[in-house]
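Quick note: the coordinates plus some simple rules give every number you see, no bench work behind them. None of these values were measured; they are calculated from a predicted model. Cβ placement follows ideal geometry from the backbone for every residue including glycine, while neighbour counts extend to all protein chains displayed.
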Amino acid sequence: MENQDTLQAHALMAEDIDSWLVNKKIEIGEEGNNTIDKIREGMRLAERYTEPFREETFVIVPITYSSQLSTHIRQDLNTPFQYLLIVENEDGGIRKGDLVMFYPADAAVTELPDSSFTKFFTTQQVEVEGTFSVISLSDIQQFEMDIVDNRMTTFRLWESRLQPVPNYVPLPGGEGEPYCVDWYLVTTNYYSDGTTEVFYDFLFSQCYNGGGGGGGNGTNPPLQNHEPVQREVSYTIIRKWPNGTLENWEMRAHYQLSGEYYPNNTTMNYFTQAPISVDAGTGTLAYIIIYYAGHYSSVDPWYLLFTLSMNSKGLNNPQSAWANCGGLVSFPNYPNADGTQGRQEFHSLPHTWQASTELY
């Protein structure tokens, strides 16, 4: 029985989570892999904790390690930490849940730092190196992300593409039309200069309700209910921390992403339009200069000005959006060594968003 302090720390009670899992199993119709049963057996509800997630809340439930928890546990990496990740909406209900694994690059690491889930889903940064893996409750592999030096280096998406069954002729009184799912592994490599490189590998076809096929990324077809969503995102173009010259400022770009969200199978998430620039609170679009220490405003010995000179954005494909924002930072009264004043710097950086994580 949980003590009162633990209960007050969580809006969701232990019985709420367990009841939701029972109903979720009925909804997705698990028959072969029993993933939810294995989660319920191993989850440590008394150790659950929360982290903020946009306007919602992550409820993270540690799971006692089991090699049988999923058919997608990797054997080429260190033993993973296993979690049930619940998204609690603003009304206190459960919006979605997934199985999450983190494979630490260093086997000596015993736990994730605070706010790791918040950072992973909002900035794709985690303070320990390793691989995040997200798997649906019906044991369908969703995506993986490699983190090195506190930044994403590789993103792997198990993309599902619905296909009609060839030469299908419906029979009188028959059930719903069968369909197939073509599975692709989409690997995106992220480089330090903001550029990316994408590789597509066809894996297999999987058919349901009358079609042929083989292989599988889960024993049941992914549920296809979806809804439109919008998310506000931002990324850092350049950050200057306090140093020998006491510079302390940051240039960020802000956008709105729109797309379709599939709560039971985020591999099917997709963007419906290119990113849209949004007001960052400065009265201007797409950028903001932040003074962390307030040393350089217009009343200080020297100050800076920003001129937006580029702000391109688009879609690489329905699952991936991009932007490239930049501008000129000038210091009109900056004292140079030769006695003159003035200094200028141009900064830009491209950025890419994945629909599976940003529309999560």
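Annotation for Gln256 and Trp20: the two label points, set 7 Å from Cα along the Cα-Cβ direction, are 2.8 nm apart. Cβ crowding within 10 Å ranks Ile86, Ile39, Ile26 as Ile26, Ile86, Ile39, fewest other Cβ atoms first. Highest mean first, the peptides 335-342, 148-155 sorted by other C-beta atoms within 10 Å per residue fall in the order 148-155, 335-342. When peptides 133-146, 321-334 are sorted by average Cβ neighbour count within 10 Å, with the highest value leading, the order is 133-146, 321-334. Going toward the positive end of the dipole of the stretch 26-108, with +1 on Lys and Arg Cβ and -1 on Asp and Glu Cβ, which of Asn34, Ala107, Gly97 do you reach last? The Cα lying farthest towards the positive end belongs to Ala107.
For the residue pairs Lys119/Lys240; Lys96/Lys240; Lys25/Lys119, the alpha carbons lie more than 27 Å apart in Lys96/Lys240; Lys25/Lys119. Highest-first packing order for the peptide set 47-54, 199-206 is 47-54, 199-206, based on the mean count of other beta carbon atoms within 10 Å. Applying a DSSP loop filter and a limit of 12 other Cβ atoms within 10 Å to the GluC sites (Glu not before Pro) in the stretch 50-128 leaves Glu55, Glu90, Glu111, Glu127. Residue order for Leu99, Leu69, fewest other beta carbons within 10 angstrom first, comes to Leu69, Leu99. Among the trypsin sites (Lys or Arg not before Pro) in the stretch 61-107, those located in a DSSP loop and surrounded by at most 14 other Cβ atoms within 10 Å of their own Cβ are Arg74. Remark: spin-label model distance Thr196-Val128 equals 2.7 nm, labels positioned 7 Å along the Cα→Cβ axis. Using θ = phi - 60° in the Karplus curve 6.51 cos²θ - 1.76 cosθ + 1.60, the 3J(HN,Hα) couplings for the stretch 260-277 round to 10, 10, 10, x, 9, 7, 5, 5, 8, 4, 8, 7, 9, 6, 5, x, 10, 5 Hz; x is entered for Gly and Pro.
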